[in-house]
Amino acid sequence: SDDLAVKTLNVTGLSVFDNNLRVKGNELIEGILTVIDTLTTNNFIVNGISTFFGETIFKGKVIFEKEVTFNSDTAGFALIKKDANKVEIVFDKEFEAAPVVNASVSFDEEKNDDGSPKETSELEQAFFAQGYSYIIVNKSKKGFVIVLNKKAEDNISFTWTALRIKDAKTVQSRAPN
């Protein structure tokens, strides 16, 4: 017959199988497993750090059960200092295409001497009373600029995000009737 049954097989050196290999049961690989072409499996569990080189495509839903960390070009903080009216954000690495960019005014939590959170309603109202508005300009693969409508009376903090979106849609308003 063409079948070979082996209870235990110890091989030292290189083993080459010129056709299909089917292994049933649990396997233990002590060392590095290198797959030259495609690895297909129903369930894939990795314990420890996983590194993917090259493009990685997920065809189904992706669920993150813990926080996700992105590089420093994806999001950050910006500060328009007193008497200035703009701040330029320059990406460390140029995006392949201009990203979708958002920015928001942000107030960090301030604390009283006893460590309790400071009431910020006065700061909030003072900011609103100053009548600031801002826009994002000069958005490109290399960065963008946040511009205030007037010089800042105090330092103004922003948070920002920049995401590259595949085939980002542009939706247009309809003409009024």
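The values are calculated or read from the model by the stated rules, or taken from the named source; none is laboratory data. Just so it is clear, the structure is predicted and the values come from calculations on it, not from any experiment. Every residue, glycine among them, receives a Cβ derived from its backbone with ideal geometry; neighbour counts consider all protein chains shown. Heavy atoms of the whole protein, side chains included, go into the accessibility calculation; ligands, DNA and RNA do not. Shrake-Rupley method; radii C 1.70, N 1.55, O 1.52, S 1.80 Å.
Restricting attention to the stretch 111-132, the residues being open to solvent by 50 Å² or more (accessible area, probe 1.4 Å) and either in contact (Cβ under 8 Å) with a residue 12 or more places away in the chain or in a strand (DSSP E or B) (or both) number 4. Within the stretch 3-18, residues that are part of a loop (DSSP other than H, G, I, E, B) have Cβ atoms under 9 Å from residues that are surrounded by 10 or more Cβ atoms within 10 Å (Cβ to Cβ) in no pair, counting only partners at least 6 apart in sequence or on another chain. Restricting K151, K139, K166 to residues that are surrounded by fewer than 10 Cβ atoms within 10 Å (Cβ to Cβ) and outside any strand (DSSP E or B) narrows the list to K166.
Of everything in the stretch 101-110 that is assigned to a loop (DSSP other than H, G, I, E, B) and surrounded by 11 or more Cβ atoms within 10 Å (Cβ to Cβ), the residue that is modelled with the highest pLDDT is S106.
Go through the stretch 154-163 and give me each residue that's part of a strand (DSSP E or B) and over 23 Å from A98 (Cα atoms). Show your work before the answer.
Here is the first cut: in the stretch 154-163, the ones part of a strand (DSSP E or B) are 156-163.
If the condition is that a residue be part of a strand (DSSP E or B) and over 23 Å from A98 (Cα atoms), then I156, S157 are the ones that fit.
Tallying residues that are more than 14 Å from the chain's Cα centre (by Cα) and without any contact (Cβ under 8 Å) to a residue 60 or more places away in the chain within the stretch 64-86 yields 1.
Among the residues of the stretch 53-100, those that are within 20 Å of Y132 (Cα to Cα) and either open to solvent by 100 Å² or more (accessible area, probe 1.4 Å) or assigned to a loop (DSSP other than H, G, I, E, B) (or both) comprise F77, K81, K82, D83, A84, N85, K86, E88.
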